[in-house]
Amino acid sequence: MKLAVSSAVLALVPALVAAHADHADALHARHHPLDARQATPSHAASSTTSTPATGAATSAPTGTGTGTPAATATPSFTLLATNPTAVPLSDIVSNQPSSATLPLASTAVPGTTPSNIPGAPPLPNAQILLPSNYPALDVPPPIDSDEVKQWIQEVQNTGVVIPNFAPTNAGGCPNNTAAVADTSRCWWTCGGCTRSTDITECPTPLNWGLTYDDGPSFYTSNLLSYLDQVNLKSTFFVVGSRVISFPATLQTQYLAGHQIAVHTWSHPSLTMLSNEEIIAELGWSKKVIKDVLGVTPNMMRPPFGDIDDRVRAISLAMGLTPVMWTRISPLATYDTDDFNIHGGTTTVQQVLQNWENILGNATTSKTGFIVLEHDLFEQTVEVATGYILPDALAHNPPFTIQPVVSCLKQDMTNAYIETNNNSTNPPAFSAAISGGVVSVTGSAATTTPTSGGSSGSGSGKSSGVSVHVGSGLAALTTFAGALVGGVLSLGL
Ligand SMILES: [Zn+2]
């Protein structure tokens, strides 16, 4: 079916924060007044609709696979298939009336072990999770707690040299001229620089590493229901504060065979934080996921894609491999911009145009791909389940749609620190050493940081520095083995 859609052109403007946060909470509260375990996130929307200090999600041209800035595009897209139960496009708008959420398909039973992860520990009893044992939701955690002090010490014990960059300023690239000019930072936000340890795509053509960010939320269950129907698994980059609010949803996702990964505690722009604050954000997120699932993810996605070599070094030292979304040029980033329907800064028609552009590039690419989508808002789930996923499933040639770890040809066991096979899938830290992305002090190992180590602002990947993930993984597997033992002794 061909749909030609014209819509009012919406300029890309910074998201309006407080109003939408309040609105979302009010809607949620009406539909879920009694569910204590699935309590309304205190600032679910504000944590993620905040204008990224770096300007990543709003100032950069995103989701424009053909290179046409979204702000000036006239949407015109073709959908191969639609879901007969899809919410009409005319209803997927900012401030739409809240629709029903589906119950979780199953209730996770403590002690259960996931069938797809041999050796996984039994599922903890999430009902005894005490929010008072965790930091306040949706704000960066304090750095003087015993837990954070321990994680800081563990990072120091790795010997990883953390680059001495000052945190970036609010205001995006225009307000960070010195940082942007310093290409040794390899700052993705302003130029798209990546390192060999960043996962930015799937190695095999037509493979889609399916990801959803910012949940779990009230609408995650609707997405899970659809994924079950069509037998798809995804990677979910979850916010620690949302895990506190939706532990049962996270357990259901995990037991259903989806990959769970880290998306920080309060969804800040990580390059704006101090080293200690970054450690606190990642550490608490790792901990609450471990407390709810019994396992700790070994992949992370920086909110807004905001990562530089300082954030990379800390993430890798904490056992977390960064996962981005595919970016083939400054104007062709695989971001649907679905997140901004809720706030009214884009339309569902524009999101489908963005998807169509991504589809065109992905179909002809020599590698597979990763797309940015979200399961936080009703609108993002409705466009995914009603349009994007049905369209992708009807695509010819067919896509192989799977979690990121699977598109990397790894078993789901290798998505978690406790179950990862370190001999065949070296942990992030040792992979980073062997890849020359980080250097270490002391006796662990010493390598020279990547020479000329930036692909530079605006220049994307440098073939001399960053390699595509397929060959990168092979290289890391080959070279890292000898280092693994020493790393493991550090207790990462
Ligand atoms: Zn996010």
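D228 versus (1) under 19 Å from M299 (Cα atoms); (2) away from the ligand (no atom under 16 Å from the Cβ); (3) of a type in the set (D, E, K, R): which is the lone unmet condition?
Unmet for D228, out of (1) under 19 Å from M299 (Cα atoms); (2) away from the ligand (no atom under 16 Å from the Cβ); (3) of a type in the set (D, E, K, R): (1).
Looking at the stretch 352-394 only, could you name the residues that are more than 18 Å from the chain's Cα centre (by Cα) and part of a loop (DSSP other than H, G, I, E, B)?
Residues satisfying the conditions are S365, K366, T367, A394.
Out of the stretch 425-440, which residues are hydrophobic (A, V, I, L, M, F, W, C) and surrounded by fewer than 24 Cβ atoms within 10 Å (Cβ to Cβ)?
The first filter runs over the stretch 425-440 and keeps only residues hydrophobic (A, V, I, L, M, F, W, C), leaving 428-429, 431-433, 437-438, 440.
Hit for the stretch 425-440 is V440, nothing else.
So is P247 within 15 Å of the ligand (Cβ to nearest atom) and either closer than 27 Å to S221 by Cβ or small (G, A, S) (or both) or not?
Values: within 15 Å of the ligand (Cβ to nearest atom): no; either closer than 27 Å to S221 by Cβ or small (G, A, S) (or both): yes.
Criteria not met by P247.
Suppose we filter V311, V405 for residues that are within 16 Å of the ligand (Cβ to nearest atom), in a helix (DSSP H, G or I) and crowded, with 24+ Cβ neighbours inside 10 Å; which single one remains? Quick ask: steps written out before the conclusion?
Numbers: V405 fails: within 16 Å of the ligand (Cβ to nearest atom).
Of the residues listed, the single one that is within 16 Å of the ligand (Cβ to nearest atom), in a helix (DSSP H, G or I) and crowded, with 24+ Cβ neighbours inside 10 Å is V311.
Those residues that are touching a strand residue (DSSP E or B) at 6+ places or on another chain (Cβ under 6 Å) and among the polar types (S, T, N, Q), I need them from the stretch 327-360; list them, please.
Of everything in the stretch 327-360, those that are touching a strand residue (DSSP E or B) at 6+ places or on another chain (Cβ under 6 Å) and among the polar types (S, T, N, Q) turn out to be T333, Q353.
Note down all Cβ pairs under 7 Å where the first residue falls in the stretch 256-270 and is under 9 Å from F237 (Cα atoms), the second is assigned to a loop (DSSP other than H, G, I, E, B) and more than 11 Å from the ligand (Cβ to nearest atom), and they're at least six residues apart or on different chains.
Pairs that qualify, where the first residue is under 9 Å from F237 (Cα atoms) and the partner is assigned to a loop (DSSP other than H, G, I, E, B) and more than 11 Å from the ligand (Cβ to nearest atom), are Q259/P403; V262/L320.
May I ask you to verify whether V404 is at pLDDT below 95, under 23 Å from V311 (Cβ atoms) and in contact with a Leu (Cβ under 9 Å, 6 or more places away or on another chain)? Walk me through how you get there before you give the answer.
Numbers: at pLDDT below 95: no; under 23 Å from V311 (Cβ atoms): yes; in contact with a Leu (Cβ under 9 Å, 6 or more places away or on another chain): yes.
No; evaluated as a whole, the condition is false for this residue.
Within the stretch 274-294, is there a residue that is touching a residue at least 60 places away in the same chain (Cβ under 8 Å) and under 18 Å from L372 (Cα atoms)?
No, the stretch 274-294 has no match at all.
Taking the condition assigned to a loop (DSSP other than H, G, I, E, B), away from the ligand (no atom under 11 Å from the Cβ), at pLDDT 95 or above and buried (at least 23 other Cβ atoms within 10 Å of the Cβ), does W284 pass?
On the way: assigned to a loop (DSSP other than H, G, I, E, B): no; away from the ligand (no atom under 11 Å from the Cβ): yes; at pLDDT 95 or above: yes; buried (at least 23 other Cβ atoms within 10 Å of the Cβ): yes.
No: the conditions fail for W284.
Exactly one condition in (1) outside any helix (DSSP H, G or I); (2) within 16 Å of the ligand (Cβ to nearest atom); (3) among the hydrophobic types (A, V, I, L, M, F, W, C) is false for F304; which is it?
(1)
Condition check: at positive phi, buried (at least 24 other Cβ atoms within 10 Å of the Cβ) and either within 16 Å of the ligand (Cβ to nearest atom) or not in a helix (DSSP H, G or I) (or both). Does T264 satisfy that?
yes
Give the residue, chosen from M272, M324, M299, that is surrounded by fewer than 24 Cβ atoms within 10 Å (Cβ to Cβ), within 16 Å of the ligand (Cβ to nearest atom) and under 18 Å from W208 (Cβ atoms).
Details: M272 fails: under 18 Å from W208 (Cβ atoms); M299 fails: surrounded by fewer than 24 Cβ atoms within 10 Å (Cβ to Cβ).
Going through M272, M324, M299 in turn, the sole match is M324.
Would you confirm whether any residue within the stretch 168-185 is crowded, with 18+ Cβ neighbours inside 10 Å, within 16 Å of the ligand (Cβ to nearest atom), basic (K, R) and not in a strand (DSSP E or B)?
The answer is no, given that none of the residues of the stretch 168-185 is crowded, with 18+ Cβ neighbours inside 10 Å, within 16 Å of the ligand (Cβ to nearest atom), basic (K, R) and not in a strand (DSSP E or B).
Any chance you could count how many residues in the stretch 345-402 are within 16 Å of the ligand (Cβ to nearest atom) and free of Cβ contacts under 8 Å to residues at least 40 places away in the same chain?
The qualifying residues number 0.
Among the candidates T189, T177, single out the residue that is under 25 Å from R310 (Cβ atoms) and within 25 Å of the chain's Cα centre (by Cα).
Numbers: T177 fails: within 25 Å of the chain's Cα centre (by Cα).
Answer to the check: T189.
Regarding T336, is this residue surrounded by fewer than 24 Cβ atoms within 10 Å (Cβ to Cβ), under 30 Å from M412 (Cα atoms) and either touching a Phe, Trp or Tyr at 6+ places or on another chain (Cβ under 7 Å) or of a type outside the set (D, E, K, R) (or both)? Write out each step before concluding.
Details: surrounded by fewer than 24 Cβ atoms within 10 Å (Cβ to Cβ): no; under 30 Å from M412 (Cα atoms): yes; either touching a Phe, Trp or Tyr at 6+ places or on another chain (Cβ under 7 Å) or of a type outside the set (D, E, K, R) (or both): yes.
No.
Looking at the stretch 217-233, can you tell me whether even one residue there is closer than 19 Å to D306 by Cβ, crowded, with 24+ Cβ neighbours inside 10 Å and touching a residue at least 24 places away in the same chain (Cβ under 8 Å)?
As a first pass, look at the stretch 217-233 and keep what is closer than 19 Å to D306 by Cβ: none.
No, there is no match, as no residue in the stretch 217-233 is closer than 19 Å to D306 by Cβ, crowded, with 24+ Cβ neighbours inside 10 Å and touching a residue at least 24 places away in the same chain (Cβ under 8 Å).
Could you run through the stretch 117-128 and say how many residues are crowded, with 17+ Cβ neighbours inside 10 Å and either more than 10 Å from Q251 (Cα to Cα) or modelled with pLDDT under 90 (or both)? It would help to see each step written out before you state the result.
Of all residues in the stretch 117-128, those crowded, with 17+ Cβ neighbours inside 10 Å come to 117, 120, 123-124, 126.
If we keep only those that are either more than 10 Å from Q251 (Cα to Cα) or modelled with pLDDT under 90 (or both) too, we end up with 117, 120, 126.
Selection size over the stretch 117-128: 3.
The values are calculated or read from the model by the stated rules, or taken from the named source; none is laboratory data. All values derive from a computational prediction rather than experimental measurement. Note that each Cβ is placed from the backbone with ideal geometry, even for glycine, and that neighbours are counted across all protein chains shown.
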